[in-house]
1. Among the residues that make up segment 69-77, is at least one of them at pLDDT 85 or above, in contact with a Pro (Cβ under 8 Å, 6 or more places away or on another chain) and not β-branched (Val, Ile, Thr)?
2. Out of all the residues in segment 153-195, which are in contact with an Asp or Glu (Cβ under 6 Å, 6 or more places away or on another chain) and either in contact (Cβ under 8 Å) with a residue 40 or more places away in the chain or in a loop (DSSP other than H, G, I, E, B) (or both)?
3. Which of the following residues is more than 22 Å from residue 59 (Cα to Cα), aliphatic (A, V, I, L, M) and open to solvent by 30 Å² or more (accessible area, probe 1.4 Å): 108, 145?
4. What number of residues in segment 115-142 are open to solvent by 10 Å² or more (accessible area, probe 1.4 Å), of a type outside the set (S, T, N, Q) and in a helix (DSSP H, G or I)?
Amino acid sequence: IVYFLKALRFDLEAVARPPSGPIYYDRLGRELEAPGARPRRLVRRQDLPDFLVDALRAREDARFFEHGGVDGRGLGRALLRNLKDRNFTQGASTISMQLVRNTFHLKAKSLDRKLLEIALTLRLESRYTKDEILTHYLNTIYFGAGADGIEQAAQTYFGKSTGELSEGECALMVGIIRGPHVFSPIRNLPAALQQREQTLDRLVAMGLLDSD
């Protein structure tokens, strides 16, 4: 109860307001490139390829559409591992939990932080639909190379919009998430390609992609 009361202090509207830079226009309404400006481009759910959504689930949260924000199975495994190691290092974070953590900057690895994160995640799931959570998550996370959000990353790495990404490009983008500095194809193409293959392998294992 204490943590649910603490969670009430946070403004969930912040989830839908990711920071974005200014966009400048000339007198004819044409967008201008301002020096040093990197405006964050926001996508809508309908802009996201279904393959990108499947790849994200396969790599980050297989039961995203089934659980209520907290995956009891994964959390139980993580708890047992933490008790065995006597160290709170395994978090079993779902996409919803990651969105909460990124929005409210809950970075400390402690039981207190995890319980607050869980309470906030349950509030998040009661406030937003799964599609909204998924979209806010992809609009918020960092993809390396100065790219904030999926749309800016698609433009940075492939020179195209998110909706135009191929299946291989979607898999590579998802592979970047766990290590945006390490797995950026600009910084380390072999590592990025390896992550892409791991994502595709997970899709095959989940029956979301044929192995041919």
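The values are calculated or read from the model by the stated rules, or taken from the named source; none is laboratory data. Fair warning: this is a prediction, and the values are worked out from it, not measured in the lab. When we count neighbours, we look across all protein chains shown, and the Cβ atoms used for this are built from the backbone with ideal geometry, even at glycine. Side chains are part of the model used for accessible areas, which takes the heavy atoms of the whole protein and leaves out ligands, DNA and RNA. Shrake-Rupley method; radii C 1.70, N 1.55, O 1.52, S 1.80 Å.
1. For segment 69-77, residues at pLDDT 85 or above, in contact with a Pro (Cβ under 8 Å, 6 or more places away or on another chain) and not β-branched (Val, Ile, Thr): absent.
2. Of segment 153-195, the ones in contact with an Asp or Glu (Cβ under 6 Å, 6 or more places away or on another chain) are 158, 162-163.
162, 163, listed by residue number.
3. Numbers: 145 fails: more than 22 Å from residue 59 (Cα to Cα).
Going through 108, 145 in turn, the sole match is 108.
4. The total comes to 11.
Results for (1) within 22 Å of residue 135 (Cα to Cα); (2) open to solvent by less than 30 Å² (accessible area, probe 1.4 Å); (3) within 18 Å of the chain's Cα centre (by Cα), shown as yes or no for each residue.
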site: 156; (1), (2), (3): yes, no, yes
site: 159; (1), (2), (3): yes, no, no
site: 164; (1), (2), (3): yes, no, no
site: 171; (1), (2), (3): yes, yes, yes
site: 175; (1), (2), (3): yes, yes, yes
site: 178; (1), (2), (3): yes, no, yes
site: 186; (1), (2), (3): no, no, no
site: 190; (1), (2), (3): no, no, no
site: 193; (1), (2), (3): no, no, no
